[in-house]
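The values are calculated or read from the model by the stated rules, or taken from the named source; none is laboratory data. Only a predicted model underlies this, so the values are computations on that prediction, with no experimental measurement involved. Glycine also receives a Cβ, built like all others from the backbone with ideal geometry; neighbour counts cover every protein chain displayed.
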Amino acid sequence: MIRGRSDIGRGIPLTMVKDGERVRIISILGGMGLKKRLYDLGLYEGAKIDVIRNDRSGPIILKVLDSRIGIGRGQANKIIVGIC
């Protein structure tokens with residue numbers, strides 16, 4: 001189910017999550033191109049991910065399934081998450 005902007009009130013942008021926290025993706029605020037790119041990386045609504053490193057500058061390093069990936073802060077800011 002694709003969620004709307006009303007879900008923002010239930011979560012925070014991925015850029016605000018601290019190192020070591022596990023989160024669940026609530027919503028992705030972007031077009032179909034961004035959603036497809038993130039989906040291909042294993043980032044989709046309902047997915048649980050671990051934040052490995054968020055230094056407040058540079059890419060955010062995530063653990064998704066058994067892989068580590070890095071995404072830019074602009075994309076991460078469009079991913080709304082809730083703490084698990």
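The figures follow:
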{"read-out": "The one condition in (1) out of contact with any Asp or Glu (no Cβ under 7 Å at 6 or more places or on another chain); (2) buried (at least 18 other Cβ atoms within 10 Å of the Cβ) that Asn54 fails to fulfil", "value": "(1)"}
{"read-out": "Selection count where residues are more than 12 Å from Leu43 (Cα to Cα) and not polar (S, T, N, Q), scope region 54-67", "value": "7"}
{"read-out": "Qualifying residue in region 34-54 (condition: under 15 Å from Ile12 (Cβ atoms), touching a helix residue (DSSP H, G or I) at 6+ places or on another chain (Cβ under 8 Å) and at pLDDT 95 or above)", "value": "yes"}
{"read-out": "Set Gly58, Gly74: member being of a type in the set (Gly, Ala, Ser), touching a helix residue (DSSP H, G or I) at 6+ places or on another chain (Cβ under 8 Å), under 13 Å from Thr15 (Cα atoms) and outside any strand (DSSP E or B)", "value": "Gly58"}
